[in-house]
């Protein structure tokens, strides 16, 4: 009886194949619509400031933008992984502050600077692991866990410093990380570049990156495929906290002091950069290039408004508006490409 | 089509109790290599529980499972997998935002080492995926397509293809044709034939009785936790199967239409 069916199946096959065509260039553009729209946004903003101000499009200024946005770029790269799993990390600003405060304190105590850097990165990883444990293994929503983290970690930083800013000696090699230049480019920019490239590689070309996307799309499927999804989820938070620690080290070096008030609202800036870049807050859809463009857009706006002699207080207003418009564009223009998102 | 040599699977005296409910009562099931067994019964008859026992998701209170005449004991789905029993979950095995090849190889992506770092070997993944789909007669234009852009039937085919690629001895499918368009049902049934022709035993759970007559060699009917009947497909009819499922002479209109060959293509 199955021989009769074989013929029937063959009859149906051409019909099925005609229904799916190879992805055309337009399909690919629409599929990456979120990246395309932020790229357009970024270019428009750059052109605008290049026309309006004379100093925007100069090498020193551009390098300065990258130097200043290095912490944002570094943490946003890691945050892209977190958000792609469908999670969120609200504690990055607090981790950054804790690292600023603690590294300044340790340096003041005379702890050697390489040891301080290693210790701070480990501390970041540890904080991330602790939060990741509650999120991945105890199944408490990431929003709750990292909201608690935001409060507790900032509190620890305040407790350590008593609310004061702690200076770092300007002759300390620690400051080099934040202030010095290498091959005509600020060291923070090099670190940010290295982080982005590493994140790009991990996200798009490793099993880990694949599982990060998979967990956001259908965590049960990934689990059933035999992947330890809990460990992957935990690792994502380890990375984001470690990235926040690295950003804290750079910031403390650049400012030459450690303040427990550093990075107020930093987590929102990071999340904004990631979301503007086109990563879906619902998980499963992330783009590292988009994040890079998103972070740079946020940075360029802040810089450009100041150069244009506008009030710096306009920055949050413009950033907020752009978040809304960028997401709205994604919803409208590229609705078909990214379905329900 | 199949020679009744040794049984691929033999489940004997399987019982499972959930609190006051005896979900499975002394149920036996056997299937030969390359055979397609239709497992039917009303909701709550115990067919899903029985398939979960075989796939390791449920541990029975009593009874034995033999695979290729060797007694096995499944405590977890991983145990069943190790014994080459694969279950195709309805929509639980695919990641929408990952491409076709990525889904087929999820959890076992080919990697190449570059400067000591393991990177995804995407080219090999797509080449292998294409070959795998061709072998199974699954029509997908582009393995770089995201699964969310596929039709229900294509998604189901990918899920089955994925399970089939693990070199299974037994493939359990729970309602693989539910909610599919007619042409897509046909493609999925064709895929079941292809898989079983390669010697894989298939257990097909379905409410679509027409499908049974198109692909199954034999059907087993469950009724209130018991296995009540077994029929060779060539020796039964839709009316008889319906009667067996509901447990009495059933004369509703859904039981009409005797001609089983044309039942589905109408």
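Work out the FRET efficiency for residue B:207 and residue B:62 from their Cβ-Cβ distance, taking R0 = 22 Å, and round it to the nearest 0.05.
Working: r = 28 Å, r/R0 = 1.28.
That gives a FRET efficiency of 0.20.
Need one value for B:186-198: mean number of C-beta atoms belonging to other chains within 10 Å of its residues' C-beta atoms.
3
In the Gaussian network model of chain A, springs joining C-alpha atoms below 10 Å, which of A:276, A:117, A:40 carries the largest mean-square fluctuation?
A:40
From the square roots a ≥ b ≥ c of the eigenvalues of the alpha-carbon gyration tensor of the protein assembly as shown, which class results: rounded (a/c under 1.5), prolate (a/b over b/c), or oblate? All intermediate terms of the calculation are to be shown ahead of the outcome.
Working: a/c = 2.97, a/b = 2.13, b/c = 1.40.
Prolate.
Given R₀ = 35 Å, FRET efficiency for residue A:61-residue A:281 by Cβ-Cβ distance, to 0.05?
Computed FRET efficiency for residue A:61 and residue A:281: 0.60.
Could you work out, for the stretch B:96-167, what percent of all Cα-Cα pairs fall into each 10 Å distance bin, beginning at 0 Å and stopping at the bin that holds the largest distance?
The percentages, shortest bin first, are 20, 54, 20, 5, 0.
Rounded, prolate or oblate: which fits the stretch A:258-337, taking a ≥ b ≥ c as square roots of the Cα gyration tensor eigenvalues, rounded meaning a/c under 1.5, else prolate when a/b beats b/c?
It comes out oblate by the Cα gyration axes.
Measuring from centroid to centroid over Cα atoms, what is the spacing of the stretch B:1-76 and the stretch A:133-162 in Å?
First find each Cα centre; the distance between them is then 48 Å.
Return, ordered by residue number, the residues of the stretch B:53-89 whose backbone nitrogen is under 13 Å from a label point located 7 Å along Cα→Cβ of residue B:25.
Once the point is set 7 Å along Cα→Cβ of residue B:25, nothing inside the stretch B:53-89 turns out to lie under 13 Å by backbone N.
Which value in deg cm²/dmol, rounded to the nearest 500, describes the helix-derived mean residue ellipticity at 222 nm for chain A, given -39,500 (n - 2.57) per DSSP H run of n ≥ 4 and division by the residue count?
Working: 15 runs with 251 residues, N = 341.
After summing the helix terms and dividing by the residues of chain A, the value is -24500 deg cm²/dmol.
Roughly how far apart, in whole Å, are the Cα centres of the stretch A:181-196 and the stretch B:208-231?
After rounding, the separation between the Cα centres reads 68 Å.
Using just the alpha carbons, could you tell me how many Å³ per residue the convex hull of the stretch A:64-276 encloses? Numbers along the way, then the final one.
Working: hull volume 23.7 nm³, N = 213.
Considering the Cα atoms of the stretch A:64-276, their hull volume per residue is 111 Å³.
Need one number: nm distance between label points at residue B:111 and residue B:248, each 7 Å from Cα along Cα→Cβ, rounded to one decimal.
Calculated label separation equals 6.1 nm.
What list do you get for A:287, B:76 if you sort them by fewest beta carbons within 10 Å? List each step's numbers first, then the result.
Numbers: A:287 23, B:76 12.
Ordered by Cβ neighbours within 10 Å, fewest first: B:76, A:287.
How much FRET efficiency would the formula 1/(1 + (r/R0)^6) give for residue A:325 and residue A:201, where r is the Cβ-Cβ distance and R0 is 41 Å, rounded to 0.05? Mind dumping the intermediate values first?
Details: r = 31 Å, r/R0 = 0.76.
It comes out at approximately 0.85.
Mean projection of the alpha-carbon convex hull of the stretch A:59-142 over all orientations, in nm²? List each step's numbers first, then the result.
Working: hull surface 28.4 nm².
It is 7.1 nm².
Mind pulling the angle between the C-alpha long axis of helix B:152-164 and the longest principal axis of chain B? Nearest 10 degrees, somewhere in 0 to 90.
The answer is roughly 80 degrees.
Based only on other Cβ atoms within 10 Å, what is the fewest-to-most ordering of B:204, A:193? Kindly include the intermediate steps, with their values, before the conclusion.
Numbers: B:204 27, A:193 16.
Least to most surrounded, the residues fall as A:193, B:204.
Given the Cα-Cα distance of residue A:176 and residue A:119 and 0.36 nm per residue of separation, how much length would full extension add, in nm? Write down the numbers at each step before the final one.
Values: separation 57, 0.36 × 57 = 20.52 nm, distance 1.77 nm.
So the extension gain works out to 18.7 nm.
Helix A:2-19: angle to the longest alpha-carbon principal axis of chain A, degrees 0 to 90, nearest 10?
Long axis of A:2-19 versus the principal axis of chain A: about 50 degrees.
How far is helix A:187-205 tilted, in degrees, relative to the longest principal axis of the Cα atoms in chain A, given as a value from 0 to 90 rounded to the nearest 10?
That helix lies at roughly 20 degrees to the long axis.
Quote the Stokes-Einstein diffusion coefficient, in whole µm² s⁻¹, for the stretch A:101-203, based on the Kirkwood radius over alpha carbon pairs, a temperature of 20 °C and a viscosity of 1.002 mPa s. Don't skip to the end; give the middle numbers.
Details: Rh = 16.2 Å.
This corresponds to a translational diffusion coefficient of 133 µm²/s.
Over all directions, average the projected area of the Cα convex hull of the stretch B:1-107 and note it in nm².
Numbers: hull surface 34.9 nm².
The directionally averaged projection comes out at 8.7 nm².
If the viscosity is 0.692 mPa s and the temperature 37 °C, what translational diffusion coefficient in µm²/s does Stokes-Einstein give for chain B when Rh comes from Kirkwood over Cα pairs?
Working: Rh = 19.4 Å.
For the chosen part, D equals 169 µm²/s.
Is the stretch B:188-232 best put as rounded, prolate or oblate by its Cα gyration tensor, with a ≥ b ≥ c the root eigenvalues, rounded for a/c under 1.5, and otherwise prolate when a/b is larger than b/c, oblate when not?
Numbers: a/c = 2.39, a/b = 1.85, b/c = 1.30.
Note, shape of the stretch B:188-232 comes out prolate.
Please report the relative contact order for the stretch B:96-167, taking Cα pairs under 8 Å with a sequence separation of at least 6, and give it as a percent rounded to a whole number.
Working: 73 pairs, mean separation 29.7, N = 72.
Once divided by the residue count of the stretch B:96-167, the mean separation gives 41 percent.
Among B:223, A:137, A:237, which comes first, then next, by fewest other beta-carbon atoms within 10 Å? Provide the component values of the computation, followed by the final result.
Values: B:223 17, A:137 12, A:237 31.
Ascending number of Cβ neighbours within 10 Å: A:137, B:223, A:237.
Just grab the label-to-label distance for residue A:185 and residue A:169, each label 7 Å out from Cα along the Cβ direction, in nm (one decimal).
3.2
Values quoted throughout were computed directly from the atomic coordinates according to the rules given, and no laboratory measurement underlies them. Just so we're clear, the structure is a prediction, and the values are computed from it rather than from any experiment. A quick note on method: Cβ atoms are made from the backbone with ideal geometry, for glycine too, and the neighbour counts reach across all protein chains shown.
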